[in-house]
Structures are given as structure tokens and as C-alpha cells.
Amino acid sequence: MLDLINVSYDTLIPNNVGLSTDKRVLKALEKWHPGYINWWNDLIPDNFQKSLVYLRTAVSVDPKGWAKFDYVKMPEYRWGILLAPQVEGRTIPCGEHAGQPAWQEVPGEYRNMLKRLIVIQGDTEPASVEQQRFLGRTAPSLYDMRNLFQVNVEEGRHLWAMVYLLHKYFGADGREEADDLLLRQSGSDEAPRMLGAFNEETPDWLSFFMFTYFTDRDGKMQLESLAQSGFDPLSRTCRFMLTEEAHHMFVGETGVGRTIERTCQIMAENGIDDPYDIEKIRSFGVIDLPTIQKKLNLHYTLSLDLFGQEVSTNAANAFNSGVKGRYMESRIDDDHKLTNATYPVWDMVDGKLVRHEVPALTAINMRLRDDYSRDAAGGVGRWNKIIEKAGIAFEMKLPHEAFNRKIGVFANHTFNPEGNHISVAEFDKGVDEWLPNKADGDYIQSLMNPVYEPGVYASWIAPPKVGIDNKPGDFEYVKLHMA
Amino acid sequence: MSKIIDFRTDPSKYRHWRVEYAGEVATLYMDVDENAGLFEGYQLKLNSYDLGVDIELNDVVQRMRFEHPEVKVVVMKSGKDKVFCAGANIRMLGGASHAHKVNFCKFTNETRNTFEAAEADSGQRYMAAIKGACAGGGYELALACNYIMLTDDSSSNVSLPEVPLLAVLPGTGGLTRVTDKRKVRRDLADVFCSVEEGVKGKRAVDWRLVDEAVPNSKFDAVVTERAQEFAAGMTAKASSGIALGPLARSISENGSVAYSLVEAQVDRTSRRVTITLHGPDRPVPASTEALVAEGDQSWMLRLAREFEDLILHLRLNELEVGLWSFRTQGDPEAVLAHEAFLLANKDHWLANEILHYWKRTMKRVDVTSRSIATLVEHGSCFAGPLAELIWAGDRSYMMEDEFEGDNRPLAAIRLSEGNFGAYPMGNDITRLQTRFLAEPEHVEALKTQIGETLEADSARELGLVTYAFDDIDWEDEIRIFMEERVSFSPDAMTGMEANLRFAGPETMETRIFGRLTAWQNWIFIRPNATGPDGALQRYGTGVRGDYSMQRV
Ligand SMILES: [Fe+2]
Ligand SMILES: [Fe+2]
């Protein structure tokens, strides 16, 4: 009998999908595997490949205890294929097929739509690893380095998860797409990653924290909507990915939080009350709060662009066909078909922002983005608690969603972070206060000096409250290979 | 389904036609029984016709070829006094569903094409001897004959009154044959096609609408004389033919159909049918005498008859079964041997008829408004004439390498000389030429592959199949393709397929099926023709159709 909770290690690829009896897919995956290993080896600098990293590896999909921690060299990490357990009698949660049994095979009618969604999701997973490939060299501590690598190997596993679906359910086409996922490269001129935000390098650790907080959260929302898919294998895959994704956002939230905490601490130690006394604050080797706000503005708005057009036929089709649901679809109290429902969507009328009602079916993207914004606000509140506790008069804020947008109704219009429509001249005048400029970047870069001593942290960041796997403060999270 | 439309018939069942055989000349009388319409609700007055009348005509033409090879000239006449033929029955058209109208027109077009081609293919010339009114579909019957004689009695005439009278087109080849075959000047054709009353006598000759107008008193004599003349100019083929016996078939509850060599598994829920054609179940005839002795039981003739009947049956009776998959099973070498025998003896009348029959049957496939996928499986016999099915399909899928638990011979394609000319499409070039329109040299190169066993890798390399899949992918790829295919709009599929199938030169045939038919089918769904106040509904009430005056 197939054990669908515990992970089987009887094949090269750990899995809970009975791979050892599915020769067809096993063969395809084993053929894909060397290309993946090459990709990984070419990517991450060599000395880190040879280092021993204290990583968690999934051993079960039981939410109560799914991971075990141990030292492992990253190329030997057991990237596995893990699906959340099948829910007996699950039905398609939304759209015209709502209530029918969930599909266990790809319905031919929606094959291309499903494939496209899986390929787009799959493309983002390795992209972020590529964007973050050099950060190990400037890690502010071994603890942070370990977190970076944990996120990286798990993004790698997410790629595996998508490749598994392509191999298992999409035949020769699927195999071709899986190969192409290794062909595209973040930032490449030849074959860039599919989404713009995934082609920018992550230049420093504050960017990394912001990225994992804001952009991984976009990933989370996409996974949440795919977890509602009527195509059950996709739903199950995404449900398990979400348990891992939580850690990525934890890394982001605590990373930004610890940066803020350190700044507040330095300000207090040195009697600086004015958070805008930037020069003085920076002279102590920490990042001033206004600059952190600017980074927040940038990453939040870039992530909003990932949700696409507010009104979208593709999104409507995906929902109506039952291929993709809304955030927490099963907890929404409506007909799950959106036959006559409407949803308020931003629009520009005579240069003014208005929200007006459109058929809810076409506003699926807008709704998911609203859910995202609410979700993203939580961590910002917790950051403000840190500032408040230090008694500093400063508040981090999510900018208005019209600010700095390149996609959707706000694109080609200029707004300030409060959401006021302003002239291009006014925007140019204010932009240095709203978005990080070159000098800010240079300053942050100047702080990016590696700290490889166990238990020691770079000047600009506070240590964590608790260690990973409850390890003590001086635990050696990475046994560096120094060649 | 209310009632299955059966295309099988024989002279003992005819209600509408009779043939008088007199050596080299046969006279074909259209004498429609007005009370024997295929459906309720109309009378077939004035020699007007419905599908049932045409099913008989198709049978007449087919039997003329196989049962009466001694006939060189067929004179088409009316069995009624004052009318040659009034065309398709208007009440029938008014009451028929859109799908029925379209299918009816397609079948009547195919029948016109086949007796028109009988002169070139079978040495049988059809001529029309028109007495009385010859209107619309009646004149279209005459147009498909290769010689038209009109009596000059100051009232008999030919006309195409569809446009002014019914707000539809003379869609059974009428418009096309007037310009392309009769080569009537376009402005005169415009005049001719927009008046209700016809053209008679000398003017009909002057306008090239008929070949000859003959004084009424001498008409019958001159017709006989012409027929004799034509017959004298044509070579004799045989003194007697073979009998086409009744075609045995069984239809099960779920719609599946079985014959001796052809079977169709119908799956109405998933809107698909799998059609299997079996290779030879008997040896190649030792001689042409043996072929004649086998009669309607020789392999390729029986296969063609069964396959043709199935095509017609599925087209008319299984409207929602939108995806046909062709497969074959049998010995490919035997297929090649049977075909080689016919090709080697194509000067023999029966061998010739069988080859042309396969050509016509394949043409029926080409104009079938269903998605067609050909599955080249292990154990199949896609060789020579059966290989045509691959390129008639909108797509083809081939099995590659061995499949677990399948010990049938590996899927392979075998080309024959026949693939390079014996079975041209309606565009008058072969399916291979049509397929490789950009690379005529590739078609030449393929000739070097005749007789070779082309397994999946070579077949794919040579562009003979769309996809080849191994054991791992086969089932899923086919399933997903089929599910996707039947989920598309059938209208868009029909339009797309009809456009993609006929690359290359235009012929009268492609113009009839592509242009004339498409326009007619569009008009058939427009309220001006078929709406509650459209011309077809109002016909006979004395009130004209109420037209939207917008030009589209
Ligand atoms: Fe991920
Ligand atoms: Fe992530």
C-alpha cells in the first residue's frame, strides 16, 4: 500500500506520489535531474556548494511534523515531490463546474490554460534563486546565510513540484516546457524569465528581506489561488508548497524587523531622536528608517504589478473554468460562480481615482491583489511595534497602490505615495524621498560585509530572538568550506 | 433520434427514378412520387426533390458504373409531362433544420459531381434532355450533365430563380457551373440568376446555358440521334457488369455500426467515433476474370462500399459525434498487393471503377465536417490506398517503439504508386502534393520510399504524420487531444478544417464546396431566408420575405 503521508526515499527523488511504481514519470524526471543539478552547480558559488548547511528536509506532508533538520551539502539536498494528502470527495470549488468531482487528470479542454499557469508559476521558482545567487558572499551572519540557502533549496523544490506536474500530466509538451524552465535565466538577454520582476538582481540583503516579504507573498497568493484549483494534483502540490512558503515570508519579515530593531537600538544608544537625521544615523553603520521605507515602497509596488491587469479576461476564464480559485475560496459565502456579482475596481476618470463596480468575474486579479495588500499590512504593523517600543516617532506605511505602478490602470500616471495624482515634474521632485536612489543603494552596499563567525552579526542587523530549530545563539548554521 | 436515414437502396425500392436500358444508351427518367417524401409535411410536387430522391439518384449512378458498364450515354429525362424538375422542395427546405439543409446540399453536390465525372472516369456521359420547366435544382441537375438539350416549344426553359424567389442561392453547383463550366458571361449570368422566369430557346443557346435547342416536333428524335452519336464516339468497356448486392450492417443501441470490413465505435457522451478499416480478408484475385467473378465481394470494393455508407450514415445520423478517428488493422503487404493488382489492370473496367470509387470515397472524407484524427497504431495497415486516410485527417498520431504487452507488428506506413496520382483530392492534386505544397521536390523524393516500411521515426522525419508517441505518452496525448478537440465550437472547427484541408489550386469542385457552399450555409442561417418572415417560410403565401435591408 502506498504511503502518501511519509516520504519515500526508494528512488533518487524523494516523493509521496508513488514514483517508484510510475515508471513513465520516474524516467522523465530522472532524465531531467542532471540538467537541474548542472543548473544548481553553475549557479551558487562553489565554496557554498561544498559547505555543510543546517537545512530542513521534508520527510512528510503531515502539518504537525513534516521536516527534519540536519547538515547537508546543497547539491546533495533531497529535492522531493510532495503533495498534500488527497481530500476524499473533493469537488471543484468554483466556476461553471463547481460541485463536480475535482479532476484527477487534466481535462483536455483546459489543458493549455493549466499548462500556462503551471509554467508561469514554475518559472518564478528558479528565478528567485538566480536573483539571489551571490548573496552568500555578503551574508550578515551564518544564521542569515542558512536562511538564504533554505529559501533557495525550497524554491528549487518548488521548481521540482511544477516539473513533476508537467511531466506527469502534460506529455511531450510538458517535458519540453520543463526543459525550458532550465533554459531561461533571470536577467538573460537571450531567454529571460517570464515576469519582469524576476529579472532584476537582488543586490543586497535588505532587498532580499523585502523580496521574501513582498514578492514571495505574491507567490503565496498565486499558490493560494492555485491551491483552489479544480485540478486536484495542482491543488495538492500548491497546498504543500504553501507550508514552505510561510518560512520564506518569516525570513523576510524578521529580516526587515531585525534591521529596524538594530537602527532603533543605535539611535537610542546614541541619543538620536530624529529619524531623519540620516547622516548621523548612517555614521553608526545602520540603515535609517526613511531608507527602509523607500525600499518598502519599491518592493511593494513591484509586487503589486505581478498581479497583472485589474480587469482580466484570462483571470475570468481561469476562475470560470475552475482552474484557479480565489483566496480562501471555500470560506467565501457566495455562489462561487459570480454569475451576477460585481466587484469594485480602480479606474481613472478625468484624472481622478475612482473605484467602480465591474462584473466580479473579470475582477479576479483585483480581488486577489486586495487580499494581498491586507495580508502584507500585517508585518508592517509588527515593524511599527518595534519602532514604537523604541520611542521613535516614525511609522512604516504601505504606499497607496497607485504609486509607482507599471501595469494596470495606474501605469503611465504619476502618483505620490499617498495616492494623489501629481504631475510628472512633482513626481520627479519627490522621487528621491519615495524610492531608493543610487546613493541609498551605494550606502546599503557599503554595509554588505560578510560575517562568518558563529553567533556574530553585521553592524546593521540585530540577532534573531530564537534560533532555527531552537539552536543556541552561537550555533554554526553553516560549516563553511573555505578553499 | 427520430429516424435513421438509410442510404442503402436498390432499384426494387425506387419511388422516384426509373432507368430504361437499351445497349449503349440508357434513359434515366426522373418521375418523383409526390407522396413519398423522406419526411412528413410536404409533397414532392412537380418533380421536386428531397434527400430521399437524391439517395436514389446516387444509387442509380453507382449501379450504372458497376452493373452496367455497357452503357456509354445516359439520357436524363423527366417522367412528367410539363416539367423537367422544379428543384429542391421548398417546403422541405423550409421545415428542415439547418444541419439537415447543409448535409442535404453536401450530398446532392457530391452526387452531381459523381455523374459529371462519370464521363472522364468511367466512359459514361450524362446528357440532359429538357422538356418543360427546368428550374433551380432542376437546372443544376442538367448543369452537371455534360450535354444539355432543350426543346424549343416556346415555353420550356431553364432558370435559376433561387435569389429572387427564395432569397437563397442555386447552391448545388448552379452558380459555379454557370460561370466555370458553361462559361456564361458574368453579366449575362447576373441577369440569368436574378430573374424568376427562365431563358428559353435560341437565347438559352446564345447565352451558353444549353448546348442545343431543338424544335419540339423533332426533339425526341434528335435526342436519340445525339445519344447514338456520342455512344459511337466512345470506346466499349464491357458487355455486362457485376451486381451490387445489399450491404449488410448492424447498428447497436449506442450507435456503433459494424460491417464486414469496417466498424465504428460510437461514443455519444464524449462525441467521438473510432472507425476501424480492416485489411484484406481474401487473397488478391488471380486475374481480372477472377475479380469480376468475385463481384461485390472483392476486398477493396467491399471496403469502399462499407466505408462510404458509414460516412454518409454518420454525417446525417450522428450530428454531435464531432471527432472521427480512423484506425486500420491488418496486413499492409496484402493491402499493397490488392492495390497493385488493380493498378496493374486499371485498363480493365472493373479495376478502374474500384480505384475511382476509392478516390470518390476519400473525397467524401475530405468534405466531411467532422474533425478527423488518424491513429497509426501497431498492427495497422496504412499502406497505399489506406495511407490516404492519414493525410485526409486533420492530424495524425503514430505509435513509436514497442508498447508494453502489445505484440502486434510495429506501426508503419507504406507508400505505393497509388499515393502519387490514383486518388486526387477535389483540388485535382494528390493528398501528398497538397500536404507538401511548399516542397514539390519532397513529393518526388517520397517516390523513392515506395514499398519501404516507414516506422515512426522515418514517418515523422518525412513529414508523413503529425506526432509520434511512445508507450509512455500515447494514451494521455490522444486522450487530451480528443478532449480538447471536442470542446471547441463545432462551427469554428468546421470552418477551420474546411479551410486548412484544401491548400493549392482551385477547381470547380473546391469552389463548389468551399465558396458556393459556405455562402449558401451563411444565407441559410440569416433571417432573410430562414427567419419566421423570411422568404423560405413565406414561399407560397403570396407575400414576399421581409428582408433586413442592411448589406453585410
Ligand atoms: Fe516558491
Ligand atoms: Fe518562496
Next item on the list: Report the net charge of residues surrounding A:ASN365, where surrounding means a beta-carbon distance below 13 angstrom and charges are Lys +1, Arg +1, Asp -1, Glu -1.
Entry: -2
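If you keep only loop residues by DSSP, which GluC sites (Glu not before Pro) in the range A:113-205 have at most 11 other Cβ atoms within 10 Å of their Cβ? Spell out each step's value before the answer.
Values: sites: A:GLU130, A:GLU154, A:GLU155, A:GLU176, A:GLU177, A:GLU190, A:GLU200, A:GLU201; in loops: A:GLU190, A:GLU200, A:GLU201.
Those that pass, being in a loop and sparsely packed, are A:GLU190.
For the range B:412-497, run through the chymotrypsin sites (Phe, Trp or Tyr not before Pro) and keep only the ones in DSSP coil with at most 15 other Cβ atoms within 10 Å of their Cβ.
Values: sites: B:PHE420, B:PHE436, B:TYR467, B:PHE469, B:TRP474, B:PHE481, B:PHE488; in loops: B:PHE436, B:PHE488.
Listed in order of number, the matching sites are B:PHE488.
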Check: For B:ARG185 and B:TYR29, what is the calculated FRET efficiency with R₀ set at 51 Å and r taken between the beta-carbons, to the nearest 0.05?
Finding: 0.95
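Share of antiparallel DSSP beta bridges in the protein assembly as shown, in percent to the nearest 5? Don't skip to the end; give the middle numbers.
Values: 41 of 88 bridges.
Counting only bridges with both partners in the protein assembly as shown, antiparallel ones make up about 45 percent.
Can you list which of the DSSP-assigned H helices in chain B have a Cα extent of 15 Å or more along the long axis and an average Kyte-Doolittle score of at least 0.0?
On the way: long enough: B:51-67 (23 Å, -0.06); B:98-116 (27 Å, -1.13); B:219-232 (20 Å, 0.14); B:299-317 (26 Å, 0.12); B:332-344 (18 Å, 1.06); B:349-366 (26 Å, -0.79); B:474-487 (20 Å, -0.74); B:490-501 (16 Å, -0.54).
Taking the DSSP H segments of chain B (at least 15 Å long, mean hydropathy at least 0.0), we get B:219-232, B:299-317, B:332-344.
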Margin query: If a paramagnetic tag sat 7 Å from the Cα of A:LYS438 along the Cα-Cβ line, which residues of the range A:250-290 would have the backbone N under 15 Å from that point?
Written below: none
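Stretch B:SER97-B:ARG395 to full length: gain in nm at 0.36 nm per residue minus the Cα-Cα span? Intermediate results must be reported in sequence, preceding the final value.
Numbers: separation 298, 0.36 × 298 = 107.28 nm, distance 2.99 nm.
Contour length minus Cα-Cα distance gives 104.3 nm.
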Notebook entry, point to check: Tally Lys and Arg at +1 and Asp and Glu at -1 over the other residues with C-beta under 9 Å from the C-beta of A:ARG175: what net charge comes out?
Noted result: -4
Checklist line | Estimated inter-spin distance, A:ASP474 and A:ASN340, nm [label 7 Å along Cα→Cβ] | finding: 7.1 nm
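What net charge is computed for the residues neighbouring A:VAL409, neighbours being all others with C-beta under 9 Å from the C-beta of A:VAL409, Lys and Arg scored +1, Asp and Glu -1? Please report the intermediate quantities before stating the final value.
On the way: positive: A:ARG405; negative: A:GLU310, A:ASP347.
Local net charge: -1.
Normalising by the residue count of chain A, find the relative contact order in percent from Cα pairs under 8 Å and 6+ residues apart. Before the final figure, lay out each step's value.
Working: 808 pairs, mean separation 93.0, N = 483.
Reported as a whole number, the value is 19 percent.
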Checklist line | B:LEU500-A:LYS385 FRET efficiency (beta carbon distance; Förster radius 60 Å; 0.05 resolution) | finding: 0.40
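If R0 is 56 Å, what FRET efficiency do you get for A:ASP179 and B:ILE251 from their C-beta distance, rounded to 0.05? All intermediate terms of the calculation are to be shown ahead of the outcome.
Values: r = 48 Å, r/R0 = 0.86.
So the FRET efficiency works out to roughly 0.70.
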Item checked: Within 10 Å of each Cβ in B:470-480, the average number of Cβ atoms from other chains -> 5
Next item on the list: Please report the relative contact order for chain B, taking Cα pairs under 8 Å with a sequence separation of at least 6, and give it as a percent rounded to a whole number.
Entry: 12 percent
Next item on the list: For B:ASP491 and B:GLU444, compute 0.36 nm times the residue count separating them, minus their Cα-Cα distance, and round to one decimal in nm.
Entry: 13.3 nm
Margin query: Testing the spin-label approximation: label points 7 Å from Cα along Cα→Cβ at B:SER194 and B:SER155. State their distance in nm.
Written below: 3.0 nm
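Just list whichever of A:LYS73/A:LYS294; B:LYS101/B:LYS359; B:LYS13/B:LYS101; B:LYS45/B:LYS363; B:LYS3/B:LYS82; B:LYS77/B:LYS346 have alpha carbons separated by over 28 Å in the model shown.
On the way: A:LYS73/A:LYS294 37 Å; B:LYS101/B:LYS359 25 Å; B:LYS13/B:LYS101 24 Å; B:LYS45/B:LYS363 32 Å; B:LYS3/B:LYS82 34 Å; B:LYS77/B:LYS346 32 Å.
Listed pairs above 28 Å: A:LYS73/A:LYS294; B:LYS45/B:LYS363; B:LYS3/B:LYS82; B:LYS77/B:LYS346.
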Notebook entry, point to check: Taking the Cα centre of chain B as origin and charging only Cβ (+1 Lys, Arg; -1 Asp, Glu), how large is the dipole, in debye to the nearest 20?
Noted result: 2660 debye
Next item on the list: Please order B:TYR259, A:TYR443 by the number of other Cβ within 10 Å, starting at the fewest.
Entry: A:TYR443, B:TYR259
Checklist line | For a label point 7 Å along the Cα-to-beta-carbon line of A:ALA172, residues of the range B:383-400 with backbone N under 11 Å | finding: B:396-400
Notebook entry, point to check: Is the shape of the range B:254-470 rounded, prolate or oblate, going by the alpha carbon gyration tensor and its root eigenvalues a ≥ b ≥ c, with a/c under 1.5 for rounded and a/b larger than b/c for prolate?
Noted result: rounded
Margin query: Modelling each spin label as a point 7 Å along the Cα-to-Cβ direction, I'd like the B:ALA286/A:SER459 distance in nm, to one decimal.
Written below: 10.8 nm
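Ranking A:THR339, B:THR541 by Cβ neighbours within 10 Å, fewest first, what do you get?
Arranged by neighbour count, lowest to highest, A:THR339, B:THR541 become B:THR541, A:THR339.
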Checklist line | Share of alpha-carbon pairs per 10 Å distance bin for the protein assembly as shown, given as whole % | finding: 2, 9, 15, 16, 14, 12, 10, 9, 6, 4, 2, 0, 0
Note to self: If the only charges are +1 at each Lys and Arg Cβ and -1 at each Asp and Glu Cβ, what is the size of the charge dipole of the range B:11-232 around the Cα centre, to the nearest 20 debye?
What the structure shows: 300 debye
Notebook entry, point to check: Which lysines have a Cα less than 21 Å from the Cα of A:LYS337, not counting those fewer than 8 places away in the same chain?
Noted result: A:LYS324
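Laboratory data are not the source of any read-out in this text; all were calculated from the coordinates shown. As the structure is a computational prediction, the values presented were derived from the model and not from experiment. So basically every Cβ, Gly included, is an ideal-geometry build from the backbone, and we count neighbours across all protein chains shown.
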